[in-house]
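First up is the structure itself, then whatever we jot down about it.
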Amino acid sequence: MTETVDIRYFDLGIAALLLFASMALTWHLQLGVHRDLIIGGIRSFLQLMVMGYVLAYIIKDGAWYWVVLALMLMLGVAVHTAVGRTREAVVNKHTIYTVAIVSGSMLVLLFIAGAVLHLRPLYDPRYVLPIAGMIIGNAMTAATLAVTRLAGDLHARRREVETALALGASAAQAVHPLRRDALRTAILPSVNALLVVGVVSLPGMMTGQIIAGQDPTQAVRYQIMVMYMITAAATLTSIISTVMVIRLAFTPAHQLREASPTSTVG
């Protein structure tokens, strides 16, 4: 097996020149994101370094409760990030994101761990935590896209929905075009990734395994699994989140509430 190339802190400093170049270019073009790049660069370094030591300890210890704690932390951060990134005021958006991200991502994670990888124990941290990170991250993005699009459309196209209701449409019928557009927006990034993977892009997990000396054919199988699981997570999470937004938008009598999901923060 070919030895991997170790990256020293000095090498990371050289790699950071790419980030500094991005900062300089965005500052010169007055894009207004150079400060975010600085903060993001620092945060990513600190967060990943800490996570590296944490994962090393959890994998070495192997106790189930550390895995559960790590998953709870990852899910909590994902929900908090989704809530913060949703500028539209949505009723109970914290609850919406919690239910959608937790249920969607954990269902996919359990299926992968039990039915695909056949892990024994099921909570094997060496597999569960890296895979959970990919699933939760994509579930968070999909839920955010779905909720933002649907909530915005309910506000912008309120008269269209009310007209459909007045003509006898049910809540589901009246909001169907809006929900369809929201789901397409949320799932489309995963679909695009499926279409170009292996041709336009070589994703991180596959690349990492090949660099680590893994058989490329085995690395490819893992990457196929990853593409399928993140697509499923995005689909489930976006469906659950849109269902919850719609339930909050309409009364049991199929009437659009006076206070739309975009008028109250929760």
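No value in this document is a laboratory result; all are computed from the given coordinates. Predicted model only: the values in this text are computed from it and were never measured. Quick reminder, even Gly has a Cβ in these numbers, built from the backbone with ideal geometry, and neighbours come from all protein chains shown.
Placing unit charges on each Cβ (+1 for Lys and Arg, -1 for Asp and Glu) gives region 63-249 a dipole about its Cα centre, and among Thr95, Gln173, Leu183 the Cα reaching farthest toward its positive end belongs to Gln173. Estimated from the Cβ-Cβ distance and a Förster radius of 45 angstrom, the FRET efficiency linking Ala172 and Asp61 is about 0.40.
Given a Förster distance of 51 Å, report the FRET efficiency between Val5 and His94 from their Cβ-Cβ distance, rounded to the nearest 0.05.
0.70
Counting only alpha carbon atoms, the long axis of helix 171-196 and the longest principal axis of the chain meet at about 20°. Normalising the average separation of contacting C-alpha pairs (under 8 angstrom, six or more residues apart) by the number of residues puts the relative contact order of the chain at 27 percent. Computed from Cα atoms, the angle from the helix 216-249 axis to the main principal axis of the chain rounds to 30 degrees. Taking amide hydrogens as placed 1.01 Å from N in the peptide plane, the amide H of Phe250 sits under 5 Å from those of Arg257, each at least 5 positions away in sequence or on another chain.
Mean residue ellipticity, 222 nm, helices only, the chain: the sum of -39500 (n - 2.57) across DSSP H runs of n ≥ 4, divided by residue count and rounded to 500, is -26000 deg cm²/dmol. Between Arg247 and Arg157, the modelled label-to-label distance comes to 2.3 nm, taking each label 7 Å out from Cα in the direction of the beta carbon. Between Leu73 and Leu31, the modelled label-to-label distance comes to 3.1 nm, taking each label 7 Å out from Cα in the direction of the beta carbon. Annotation: extensible slack from Ala21 through Leu194 equals 59.2 nm (criterion: 0.36 nm per residue apart, minus Cα-Cα distance). As a proxy for reagent exposure, Tyr97, Tyr57, Tyr127 were ordered by neighbouring Cβ count within 10 angstrom, fewest first; the result is Tyr57, Tyr127, Tyr97.
Average 1/r across all pairs of distinct alpha carbons in region 1-156, invert it, and you get the Kirkwood radius: 18.3 Å. With respect to the chain, whose longest principal axis is taken over its alpha-carbon atoms, helix 125-156 is tilted by about 30°.
With unit charges on the beta carbons (Lys and Arg positive, Asp and Glu negative) and the dipole taken about the Cα centre of region 1-79, which residue among Phe45, Gly32, Phe20 sits farthest to the positive side? Positive-most Cα among the choices belongs to Gly32. Here the label points at Leu48 and Ser103, each 7 Å from Cα along the C-beta direction, are separated by 3.5 nm in the simple model. Footprinting exposure proxy ranking of Glu162, Glu88, fewest other C-beta atoms within 10 angstrom first, gives Glu162, Glu88. Placing +1 on the Cβ of every Lys and Arg and -1 on the Cβ of every Asp and Glu, with no other charges, gives the chain a dipole of roughly 560 debye about its Cα centre. Going from the residue with the fewest nearby Cβ atoms within 10 Å to the one with the most, Thr144, Thr251, Thr185 rank Thr251, Thr185, Thr144. Placing +1 on each Lys and Arg Cβ and -1 on each Asp and Glu Cβ, with no other charges, gives region 1-61 a dipole about its Cα centre of roughly 220 debye.
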